[in-house]
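Taking it in order: structure first as structure tokens, then the write-up.
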2 protein chains.
Amino acid sequence: MDFLEEPIPGVGTYDDFNTIDWVREKSRDRDRHREITNKSKESTWALIHGVSDAFSGWLLMLLIGLLSGSLAGLIDISAHWMTDLKEGICTGGFWFNHEHCCWNSEHVTFEHRDKCPEWNSWAQLIINTDQGAFAYIVNYFMYVLWALLFAFLAVSLVKAFAPYACGSGIPEIKTILSGFIIRGYLGKWTLVIKTITLVLAVSSGLSLGKEGPLVHVACCCGNILCHCFNKYRKNEAKRREVLSAAAAAGVSVAFGAPIGGVLFSLEEVSYYFPLKTLWRSFFAALVAAFTLRSINPFGNSRLVLFYVEFHTPWHLFELVPFIVLGIFGGLWGALFIRTNIAWCRKRKTTQLGKYPVVEVLIVTAITAILAFPNEYTRMSTSELISELFNDCGLLDSSKLCDYENHFNTSKGGELPDRPAGVGIYSAMWQLALTLILKIVITIFTFGMKIPSGLFIPSMAVGAIAGRLLGVGMEQLAYYHHDWGIFNSWCSQGADCITPGLYAMVGAAACLGGVTRMTVSLVVIMFELTGGLEYIVPLMAAAMTSKWVADALGREGIYDAHIRLNGYPFLEAKEEFAHKTLAMDVMKPRRNDPLLTVLTQDSMTVEDVETIISETTYSGFPVVVSRESQRLVGFVLRRDLIISIENARKKQDGVVSTSIIYFTEHSPPMPPYTPPTLKLRNILDLSPFTVTDLTPMEIVVDIFRKLGLRQCLVTHNGRLLGIITKKDVLKHIAQMANQDPDSILFN
Amino acid sequence: MDFLEEPIPGVGTYDDFNTIDWVREKSRDRDRHREITNKSKESTWALIHGVSDAFSGWLLMLLIGLLSGSLAGLIDISAHWMTDLKEGICTGGFWFNHEHCCWNSEHVTFEHRDKCPEWNSWAQLIINTDQGAFAYIVNYFMYVLWALLFAFLAVSLVKAFAPYACGSGIPEIKTILSGFIIRGYLGKWTLVIKTITLVLAVSSGLSLGKEGPLVHVACCCGNILCHCFNKYRKNEAKRREVLSAAAAAGVSVAFGAPIGGVLFSLEEVSYYFPLKTLWRSFFAALVAAFTLRSINPFGNSRLVLFYVEFHTPWHLFELVPFIVLGIFGGLWGALFIRTNIAWCRKRKTTQLGKYPVVEVLIVTAITAILAFPNEYTRMSTSELISELFNDCGLLDSSKLCDYENHFNTSKGGELPDRPAGVGIYSAMWQLALTLILKIVITIFTFGMKIPSGLFIPSMAVGAIAGRLLGVGMEQLAYYHHDWGIFNSWCSQGADCITPGLYAMVGAAACLGGVTRMTVSLVVIMFELTGGLEYIVPLMAAAMTSKWVADALGREGIYDAHIRLNGYPFLEAKEEFAHKTLAMDVMKPRRNDPLLTVLTQDSMTVEDVETIISETTYSGFPVVVSRESQRLVGFVLRRDLIISIENARKKQDGVVSTSIIYFTEHSPPMPPYTPPTLKLRNILDLSPFTVTDLTPMEIVVDIFRKLGLRQCLVTHNGRLLGIITKKDVLKHIAQMANQDPDSILFN
């Protein structure tokens, strides 16, 4: 039997930038599994092999969790240190960042926790003083210089070693998870370079975050670790299950939100997400989160990035400002996506794209120069968000907490609403400027040739807007507590409005507007803050934001970037709503030449080779005879080429006039004819077929749910044409009035 | 065109106990949606209609949340009151339960919160004293009497008015969501009777919970509210989306765990769960939870059933007892499922099933008689769990907290490990007896003709086992704190072991063993307790429990009950692992007569009617001609019968010799022949086909993912046979060495 023969090497693999066949991959995995199960009954050794095979998935998850958690910790620590390096250095030990430097100092007081003699600004080191205009200029200059250095290193490393390390990586990971092959995108070079350049990019002070790239880093870990396990190395479908779990682990360490990470993977990134993967993702996410916590990069043994301590209740009337924040988030999301895509398209199509280093340096210079004078832009974005989320305690020394203290604390030690002091008014101005800078610069930053995530910049924009609105509301409630609306909810001298909560809600709204996440967003925010109290405000804002943004453009930022790059991604969220039929989409069209087919028992090797060289199709249907057009199966171009080549080399006497048989038995041949070539083993005997009158909505559904590459079209039992995934995507683009030629790959 | 004609009433609907065709239902919804979108461009009124149609889903979710939240509150309050009624009555107002009665009293002291003159036990009312053996007997007698009365009422109401109201309902809801029709299962009578009898059943003191039935109640709400919206009333697929969300709302109110509810619906109950439904489910679950909280049935403005206040850290070595609890949970789960299914099968097949009222009364009597003398069985099961989860404070007066106080509280006000007092030893004995009673009686209770959930009984079993182990560990750590293992972790006089945590872990393990929930279980427990600290212990126990239970039997309790009842449920979690082909499963088998087909243009009405009356198939393939066997389409029996009947009534001249045409155009007929009957509009022109050599694993996958009813089998373009969902299920049962005739429905 041909079936039992050693498989020809290469048959069943894929070319770069091609789509996998989910059905075939899953079939192969089940065959493998069946074989192991059967063998395991034979000997103890095989039984152990079987058990270890079953548990290898869990082991892999454990390793992914450990590795991505450690890397995230490493990135956090280095980024923290290098961010501070822009401002100065610790003489107590150059490896300490600002905070740690002063922790170890004996000369530090409670009021000035961040001032200690061990920490020297660059001015102190160079001109021996930190006072005066000249020192300011020295510090300014060094700040910009370091930023430029970091950015230059980042972009050069990316350009020289791993071009795939740029961007957030989430659009590509989405595409890969949907079944696309991009060789090297999740390879070890990408991992190494992305890890290093991510630290550099974050430290350079650009308006970008490390959360999206951490998902890419975790997926690289997953992919590389897959190579240690046969089960996952050889099977593209199984490997994608692992990558889904790795994505969950990535978000888990990015935000310290394991459940949110799993839901993010399920909602936003994954394509095929069986329940077994759900459970394993959860495990990987938890291991990753706890690894990160043991590394303790923030030095506070907290898992989460922004820990919120307030638990003051919110009032029903506050839903109005929350919904306003939702609208703002939706508008910002839609605006950001449009302008960013327009700019990225310009970069792709004009000279601009040819000078990535110059572009990065210019944007970095502008960012650094504008950022230094304003303390809210100078600090790292995650610190800024942390400060904005924070509710003011009595002892808080931040400018944002500079209220006029009346010291009549209300019951329970809660601080009542107080009039704003001078510090707050100046902070408001600075924050407004920060908001404008962030809004503008992020549009140009996201998509440059460096690792860049946009979770944090989006959240920052929302948090600033939220805090501004929150402080406004608070002052309104203080000065006009006799207004009907405040009167019924806040008594005078009570803590009525929490500006930190507004910042949180604003952050959720803006993040939702950009990414169009829903449940995972609310769960991430809920894990970040650790309380169910604020789930309704968060949800109201996220929902409003999604509705507003969807009304202005259906795609989230990731989908927009997928379309910009022409990846073959079949969106599972949008229903195909047009009333076209399979016959309108299939090739050949009405006036084209007939479909190229092979016959099952009458073509010679030469005939087939001619067809292969004259066409570029990636597969050919095999029919009983040209006249009947009755379908037998489908054979892939790649398999056909490899098999014929292999036969010519290894099988004696196969020549150009040998007849190729796809049938089960070849008939007895007269003597002196060349030996036949039997290729039934590479024939897919169960190709998917639909009738020509099948509505396209059903065809799209089949492609999506079964993960097909192609589907054959029949009419009353005769083969009529073929629909590939690319045809489907082009048709969808055409129906949505987009350019069908933007779909580049198959 | 036939297409534009008014559809014949009844075409496209389903019979009771039949499976819906997901593809067709979804197509119909898209058609409807397309029509509304097209119309909405024409007039403002149509636009408003379009917008309201789009928002009707959200409105529906809101209503489901409100209604199921209110019903859950009502059930909680009534069950609480009626449970206390078994012991006594409040003279300050008979509508108060014990707790509320004493709240309103002035004569209550802090130590004896549950003793006040207003609350009278039955002995006090009847013989005017609460002391002595006679009073005890009177109370005992009244307790049993009330229990029997409640149980009798419950089972009689169920039997008389709504037989579908019994059980937990989750197996049936799973089946319905997978596309099965059971008319009346989610109807208004079921809702009313289930709500009333659930209160009665819970109050009767039987070993059952209200959590599972609450899911059924919420689904009834969802189904009934669907009738207010055209979009959902007429479309079986859309209605199932709503039911998925309603199930989430049900769990959300049962445990006060909105996120856990959504994940439960996703993981355990739902079949088709698009992302849009995820978001809406979340909304419904939140609304339901907040409605319940506003009703405030527990009187503590907490959402959750068992609020846990301790936050003591756990130690790594404790993972060993946690895993032991996991093993216990797995063993109990497997044991429970086997014995319960064996008992239910006996009930189905023997005389036993004919006397449901007697059965319920006997079980109630046994439960009540055994329960009264032991305080842990006498209290309601959820109170018991609450007490077991509780960590002992200094002032706790419960017997479980009767430690010998040394009054040397360690730092931070935490209580150190202390030696157990007399109360604890007696409590341990009582708890051990309770454990045995619960284990045995629950097996006989679940499946009786009353509403019964098993979340709470399973959790109780686990919580008791966990608390026993926890107290054991605690005493071990106290008396042997010099042992190496304790030495390194717990210093003397520190709070080392928290028995309440063990109870929590045990509850999770047992619940996991019975239901095989994974992520949703951990998330529910995490929401119940409100802290991420214990997620690792919970997960370790849940994972062990699932592995152990899976090793002893793959099915969870709900799947086992589905199989027991022979419902056509295609499990999505298990992969089909056998190497059979479509030709091995399809009908007709090798030696059977040929497949019954219709021809597209040569059969008369009489021919077709003969075929209909001679066969029982629910549909027929239509071919070009019997000789070619080339497939044109598929027509459903029900549609065919209705259409012919309709034509005979309404279309002039259609007689038995009229020819039925399934073609697009009927040829011109010679004069004096009877008019033809054109039935192309009821023909499904895109039937699903697979080749005879398609592996069954792929066929199973297609059935599962696309939600098919049937699939046609071809060989080289010729029609060969048909595979229905029932055939697939029978084949799966056969391959798993089960009785294929246990699959009853199609």
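The values are calculated or read from the model by the stated rules, or taken from the named source; none is laboratory data. Here the structure is a predicted model, which means the values were calculated and not measured. Please note: Cβ atoms are built from the backbone with ideal geometry, for glycine as well, and neighbour counts cover all protein chains shown. Just the protein is used for accessible areas: all its heavy atoms, side chains included, with ligands, DNA and RNA removed. Shrake-Rupley method; radii C 1.70, N 1.55, O 1.52, S 1.80 Å.
A few notes on this one:
- About its Cα centre, the dipole of the protein assembly as shown is roughly 3700 debye, where the only charges are +1 on Lys and Arg Cβ and -1 on Asp and Glu Cβ.
- Distance (nanometres) between label positions extended 7 Å along Cα→Cβ at A:Ser426 and A:Arg718: 8.6 nm
- For chain A: relative contact order, % (alpha-carbon pairs under 8 angstrom, 6 or more apart): 14 percent
- Cα pair count fraction exceeding 53 Å, expressed as % - chain B: 21 percent
- Average Cα contact separation per residue, the stretch A:513-623, under 8 Å, 6 or more apart, as relative contact order %: 21 percent
- Rounded to the nearest 10 degrees, the angle from helix B:132-161 to the longest Cα principal axis of chain B is 10 degrees.
- Using R0 = 60 Å, the C-beta based FRET efficiency linking B:Glu35 and A:Thr44 works out to 0.35.
- In this structure the protein assembly as shown gives 41 Å² per residue of accessible area when probed at 1.4 Å with all protein chains present.
- A:Thr312 long-range amide H proximity, modeled H, under 5 Å: none
- Among the trypsin sites (Lys or Arg not before Pro) in the stretch A:71-166, those located in a DSSP loop and surrounded by at most 16 other Cβ atoms within 10 Å of their own Cβ are A:Arg113, A:Lys115.
- Solvent-accessible surface ranking, highest first, for A:Asp482, A:Asp53 at 1.4 angstrom: A:Asp482, A:Asp53
- Candidates per GluC sites (Glu not before Pro) in the stretch A:535-631, loop by DSSP, up to 13 other Cβ within 10 Å: A:Glu574, A:Glu627
- Report note on the peptides B:286-295, A:360-369: ranked by the mean count of other C-beta atoms within 10 Å, highest first, their order is B:286-295, A:360-369.
- Counted over the protein assembly as shown, the DSSP beta bridges are approximately 75% antiparallel.
- Mean partner shielding of peptide B:684-697, defined as the number of other chain Cβ atoms within 10 Å of each residue Cβ, is 5.
- For the stretch A:710-727, residues shielded by at least 30 square angstrom of accessible area compared with the chain on its own, probe 1.4 Å: A:Asn716, A:Gly717, A:Arg718
- DSSP-defined antiparallel bridges as percent of all bridges, the stretch B:582-736, nearest 5: 70 percent
- Remark on the stretch B:582-736: hydrodynamic radius 16.6 angstrom, per the Kirkwood mean of 1/r across alpha carbon pairs.
- Charge dipole (the protein assembly as shown, unit charges on Cβ, about Cα centre) - positive-most of A:Cys102, B:Trp45, B:Ala201: B:Trp45
- Modelled label reach - B:Asp592, point 7 Å along Cα→Cβ, the stretch B:715-741 residues with backbone N closer than 14 Å: B:720-731
- Virtual spin-label span in nm between B:Asp16 and B:Met735, 7 Å along Cα→Cβ: 3.4 nm
- A:Leu149/A:His227 FRET efficiency (R0 35 Å; Cβ-Cβ; nearest 0.05): 0.50
- Among the GluC sites (Glu not before Pro) in the stretch A:74-154, those located in a DSSP loop and surrounded by at most 15 other Cβ atoms within 10 Å of their own Cβ are A:Glu106, A:Glu111.
- Per-residue ³J(HN,Hα) for the stretch A:671-683, Karplus 6.51 cos²θ - 1.76 cosθ + 1.60, θ = phi - 60°, Hz, x for Gly and Pro: x, 6, 8, x, x, 7, 10, 9, 10, 4, 5, 9, 7
- Highest mean first, the peptides A:460-472, A:23-35, B:71-83 sorted by other C-beta atoms within 10 Å per residue fall in the order A:460-472, B:71-83, A:23-35.
- The helix-only estimate of mean residue ellipticity at 222 nm for chain A, built from DSSP H runs of length n ≥ 4 each weighted as -39500 (n - 2.57), is -18000 deg cm²/dmol after division by the residue total.
- Summarising the overall dimensions of the protein assembly as shown from its C-alpha atoms, the Rg and Dmax are 35.0, 116 angstrom.
- A cut-off under 12 angstrom between Cβ atoms defines the neighbours of A:Gly260, and their net charge, with Lys, Arg +1 and Asp, Glu -1, is -4.
- Residues of the stretch B:266-287 whose accessible area (probe 1.4 Å, heavy atoms of protein chains only) drops by at least 30 Å² once all protein chains are present, relative to their chain alone: B:Leu266, B:Glu267, B:Leu275, B:Leu278, B:Trp279, B:Phe282, B:Phe283, B:Leu286.
- Only protein heavy atoms count here, probed at 1.4 Å, and on that basis chains B and A bury about 6100 Å² of accessible area in total.
- Whole-percent carbon and sulfur share, accessible surface of chain B, 1.4 Å: 61 percent
- 0 to 90° range, to nearest 10: angle between helix A:236-255 axis and chain A longest Cα axis: 0 degrees
- Heavy atoms of A:Lys354 accessible to a 1.4 Å probe, total area in Å² rounded to 10: 130 Å²
- With 50 Å² as the minimum drop in accessible area between chain alone and full protein complex (1.4 Å probe), the qualifying residues in the stretch A:16-40 are A:Arg30, A:Arg34.
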